[in-house]
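Step one of this worksheet: look at the structure below.
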Amino acid sequence: MTDSAAVKKEISKNISRISLDGAGYVDARFYQDDSSETILLYDGDLEANDTTVESGIGVRVLWGGAWGFAATSDLSSLRSCFDKALLNAKTASELVKVPLFMGDRDPITGSYSSPVAVDPFTVSLEDKLGFLTRLDADLVDDFILKRIVYANFQKKKIHFQNSDGSEINKDLVNVFGMMMVMSLDSDGEMQRRSMSLYSTGDGTSGWKMITEPVLFAEHSSRIKSELKGLIKADTLEYGRKSVILLPGQGHLQVHETIGHPLELDRILGYELSYAGGSFVNLDSFGKLRYGSDKLFASSYGGILNSPGSFGYDDDGTPERDYLLIDRGILVNALTSRAMVNEANEKAKREVFSQSGGVARATSFYRAPIDRMTNVNILPGDDGSLEDIISSTEDGIVVDNPVSWSIGSNREHFHFGCEIAWEVKNGEKTRILRNPTYQGHTLEFYNSLSAVGDKSTWRVELVDNCGKGEPNQVMQIGHGVPVVKFDDVIIGERK
Amino acid sequence: MLDANIRKILMEVRDQAASEGIQATLALHHEKSHLMRIGNSSISLNTSEDLTRLDIEVTDGRKQASQTFLGMIEETETIRNVLDKAVEKAKAAAPKTYDPIPDEVEESVYEEIQYDEALANLDPGVKADAYREIFSKLGDNFNYSGSWSSGSVEVCMITTANRNEVYHRGTDQLFTVVLKHPGKKWELINTQTGWRASDFSVEKTLKELGRLIPVYEKNPGFKVEPGEYTVIFGSDAVSEIANLSVFTGFMGRGWEEKQSWTSQNKPGDEVLGKNITLSDDPFNPQTFMFGFDMSGRKRKHFPLIENGVLMNLMYDSSTAARYGREPTGHDTRSMGIVMNTGDGFECPLEAVRDMGRVLYIPALHYMNLPSRSKGIFTGSSRFNALLIEDGKMVSPIFSTRITDSFQNVLGNVSVISSVSESVNGSNTYGRRMPVAISVPSYIVAEGVKITDSADSF
Ligand SMILES: [Zn+2]
């Protein structure tokens, strides 16, 4: 059965059949196309020229408060895929202490398409290589030992139906780009400087995005000159100072220590055996001082062209823009339907008024789990990067992660970055290499002392967030300004 | 099982391609996966997938491309279409500055030595029953989570170089249960691995957790102040450290590109302690054994470190081609890393009886590498971690961070267990491909750097 109209009809029939059988909820995601193309130039050599094309259907059945899931590429055996999901749910329902429920919903009919002016899958390989090879040529220099230029294009055509009667079609396009230069420092240690494609939050997310010079290519000369300084730089010494995070680093800080701890499935204990839990609990909402008054964090943020913008989640909930942290106080979490219901029931009060629309699966053969969307820090009123530096007595500015390691409840963290600049008495002075900083999440965000304005804000794109069992990689975005934290432990003890 | 017909039509397409002068590698990967996930003492997900992937790589002189297809593969036409796309992409590719080394199946291989029908077809109800029994025997006052992944993988590969075919079929499982105290928030874990259904037993889990629960129940958490400590690393932590040290120290690519912590050394140099021996051994039954790699080369016992001395570096065929080396059978996602055992007592507590206060860190959470060139890693304790005094379990320890180097930790090992354990290192991102590492059940390392700790578990 290759006719997609016939497949959709067959899906409807099976959803009705399984619902009539007594299932609490049923949905199916039919991926007509899930394509990914990766191009990697290593020192100019085309080391990866890979395309993956996937198609199939994933079926989720809730029976007796437990999920069963099954997936297949064989569209001629749709009925047996539904039966398998049902059978799995029935087996699961034999061991249920906390029954899950999705709640009743009015049906939604909708569609969402990523804003794309030029579909990257219509651009020829020659043109893609032409663009990336020119970029690689810009990275060449005598002192540079290694160069990497990377691009990844993704396209997903998904049809969703559920037992609420909802029907949603999504055409998602994501683009990722990265360039890196490497060279040896005076100790023979490889140093690197990189730049990833970012977004301003509006505009398109297709081929036009990666070819927009300001978002990517024009940073080549900057990273080269920064690397030149880095290989001659001194090592960052251990101490306590202010740390100013550029968005290249700030987005990962937000990802790991605001995004993940606020995913409701982690808070409720559904990730304990793998990704971990959260130091946040249901009593924290509306009360916990997560950060200083300057901290405002949101989910989704109305960002148009980010992999964390997808219209409707995989529960059939429209994506929505809301605050997670309001003036430093924790007010909401990253939530999906069943998790909201469970949290409210467990707390015996309405902790969450509605789903945040964050249930997402990475592919047709994985079941949806709570994933951060675009988790953002809103721009503040402390001016430009220069303004923030000039008001800093003793600190460092850091950019781009090299290493990240976070405690299992997200209560503490250790980050290594590509580069640091020393700040003394309001002036950026020398470059420092091998910068690291560490902290405890709440203490750290409560030391937030400056938040840059809109001129410092950008959307960083993440293509490799891992979570869940079976494991799932997800693509998301983070809109972040320049942020400054005081009295942070930097460097390593001797 | 991979339909015999699919393998036949794969060979037909190979023959067509060979007759047309196309240079290609064609591989099928079939998995039947099942995973039961536990959250809040309930089965939170029960999932099955039956997926077949086709991977085709085409080499056109110095130009290469690959195409992977996951969908319905029933007909010659489907495989041919994927091949044609790869051919087209290879034509349009930019040529490399070196000659790729062609894939070639050295000799036909059919292996299924680690295939267990009972595990391949394990009834999910068996898993549900096992969890139920564990919950009831260890008590209702804990919150349980976990997962149990099991399944089978088949890999079949041919190239246009000849009509030889390699075929592998195997089963694998990874069982995990996590027990959390709802009030005190500590977490204990137990895992089991293997390729046979009978490798799992409820009793093993009950015994292991039953030993730890009283220490955790009776004693408050201990905050470890930063400093240098003697640490017993349990098998999970040993496998994490050994594995990361291998991937960042002994891969030809990282070494050639001066990004590895061994880049300033060469084979023959002493890089770790004299009591450390590491190898890649496809014949070790505590690993998932793959007798060939995905370039068609036969895999063999491959010494990496012998008594602390760097012996060999591992080259996949593209790194070998790029740097003018010989490929070593490492175009694989499933190496069989083995760290040799020593002569330590079976029980780690006995091994540290005369050492006063030591930390027992059986697993490391979220390891990463602040400096790959210097071999510096960081990660924190999580499950089952204990303060030990004079060989006695004293109290659980709060989340504690180690930031140290491979050279220091694996250079100052005073005791190595005489017993080996298999640690399952598989992930379930993308395709199923089991990996296990065989390591001593514990090592004792001196002067390990603790750099931070929390007030909570
Ligand atoms: Zn993540």
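Starting from one equal scatterer on each C-alpha and no solvent at all, send me the Debye-based log10 I(q)/I(0) for region B:179-256 at q = 0.15, 0.17, 0.25 Å⁻¹, two decimals. Evaluating at q = 0.15, 0.17, 0.25 Å⁻¹ gives log10 I(q)/I(0) of -0.85, -0.97, -1.22.
So what are region B:104-187's ellipsoid semi-axes, whole angstrom, largest first, if each one is the square root of 5 times an eigenvalue of the alpha-carbon gyration tensor?
Details: eigenvalues 361, 39, 11 Å².
Computed over region B:104-187, the values are 43, 14, 7 Å.
Within straight-line reach of B:K89, meaning a Cα separation under 17 Å, sit the following aspartates and glutamates at least 8 residues removed in sequence or on another chain: A:E37, A:D45, A:E47, A:D50, A:E126, A:D127, B:E20, B:D55, B:E57, B:D60.
Extent of region A:4-232 along its three principal axes (Cα atoms, max minus min coordinate, largest first): 70, 39, 31 Å.
The mean number of Cβ atoms from other chains found within 10 Å of a Cβ in peptide A:410-423 is 3, as a whole number. Modelled spin-label separation between B:E75 and A:K9, with each label point placed 7 Å from Cα along the Cα-to-Cβ direction: 2.1 nm. Take the Cα radius of gyration of region A:354-494 and divide it by 2.2 N^0.38 Å, N being the number of residues; the result is 1.20. Along its three principal directions, the equivalent ellipsoid of region B:4-217 from the Cα gyration tensor extends over semi-axes of 47, 18, 15 Å, largest first.
Pairs of lysines in region A:235-490 whose Cα atoms sit within less than 23 Å of one another amount to 12, provided the residues are eight or more positions apart or on different chains. Neighbour counts of other Cβ atoms within 10 Å put A:Y274, A:Y365 in the fewest-to-most order A:Y274, A:Y365.
Taking every C-alpha pair closer than 8 Å and separated by at least 6 residues, the mean separation divided by the residue count of region B:4-217 gives a relative contact order of 23 percent. Counting every alpha-carbon pair across region B:320-360, the share separated by more than 11 Å comes to 78%. Taken as Cα centroids, region B:48-113 and region B:344-406 sit 44 Å apart, rounded to the nearest whole angstrom. Any idea what % of Cα-Cα pairs in region A:235-490 are farther than 34 Å? More than 34 Å apart: 15 percent of the Cα pairs in region A:235-490. Between helix B:4-19 and chain B there is an angle of about 50 degrees, using the helix long axis and the longest principal axis of the Cα atoms. The Cα-based radius of gyration and maximum Cα-Cα distance (Dmax) for region B:253-342 are 13.3, 38 Å.
Just rank B:Y110, B:Y429, B:Y360, A:Y42, fewest to most, by other beta-carbon atoms within 10 angstrom. Before the final figure, lay out the partial values.
Details: B:Y110 11, B:Y429 16, B:Y360 24, A:Y42 20.
Lowest to highest Cβ neighbour count: B:Y110, B:Y429, A:Y42, B:Y360.
Taking only C-alpha pairs under 8 Å that are 6+ residues apart, what is the relative contact order of chain A in percent?
Values: 1290 pairs, mean separation 77.1, N = 494.
Taking the mean separation of contacting Cα pairs over the length of chain A, I get 16 percent.
Between A:S186 and B:R163, what FRET efficiency comes out of the Förster formula 1/(1 + (r/R0)^6) with R0 = 60 Å and r the beta carbon distance, rounded to 0.05? For R0 = 60 Å, the calculated efficiency reads 0.60.
Taking region B:227-453 as the region of interest, the number of lysine pairs whose Cα atoms are within less than 17 Å, with members eight or more places apart or on different chains, is 5.
Model label sites at B:R196 and B:K274, defined 7 Å from Cα along the beta-carbon direction, differ in position by 4.0 nm. Taking Rh as the Kirkwood radius computed over C-alpha pairs, what is the Stokes-Einstein D of the protein assembly as shown at 20 °C in a medium of viscosity 1.002 mPa s, expressed in µm² per second? Calculated translational D: 75 µm²/s. If you take all other residues with their beta carbon under 13 Å from the beta carbon of A:S292, and give Lys and Arg +1 and Asp and Glu -1, the sum is -2. Averaged over the residues of A:36-44, the number of partner chain Cβ atoms lying within 10 Å of the residue Cβ comes to 2.
For A:E427 and A:E237, a Förster radius of 22 Å and the Cβ-Cβ distance give a FRET efficiency of 0.75, rounded to the nearest 0.05.
Of A:H440, B:H168, the sequence from fewest to most neighbouring Cβ atoms within 10 angstrom is A:H440, B:H168.
For chain B, the relative contact order comes to 15 percent (Cα pairs under 8 Å, sequence separation of at least 6). The antiparallel fraction among DSSP beta bridges confined to the protein assembly as shown stands at about 85%.
Principal-axis analysis of the Cα atoms of chain B puts helix B:124-138 at an angle of about 10° to the longest axis. Note on chain A: percent of Cα-Cα distances in each 20 Å bin, starting at 0 and stopping at the bin with the largest distance, equals 23, 53, 23, 1.
The orientation-averaged shadow of the Cα convex hull for chain B, equal to a quarter of the hull surface, comes to 21.9 nm². Per-residue ellipticity at 222 nm from helix content only, as computed over chain A with -39500 (n - 2.57) for each DSSP H run of at least four residues, stands at -5500 deg cm²/dmol.
Here each label is just a point 7 Å from Cα along the line to Cβ, and for B:D99 and A:S19 those points are 6.4 nm apart. To the nearest 10 degrees, how steeply does helix B:202-218 sit against the main Cα axis of chain B, on a 0 to 90 scale? Between the helix axis and the principal axis of chain B, the angle is about 40 degrees. The mean of 1/r over all pairs of different alpha-carbon atoms in region B:348-439, once inverted, gives a Kirkwood hydrodynamic radius of 15.3 Å.
Where a number appears in this text, it was derived from the coordinates with a stated rule and is not lab data. Just so we're clear, the structure is a prediction, and the values are computed from it rather than from any experiment. Because the Cβ atoms are built from the backbone with ideal geometry, glycine has one as well, and the counts that use them run over all protein chains shown.
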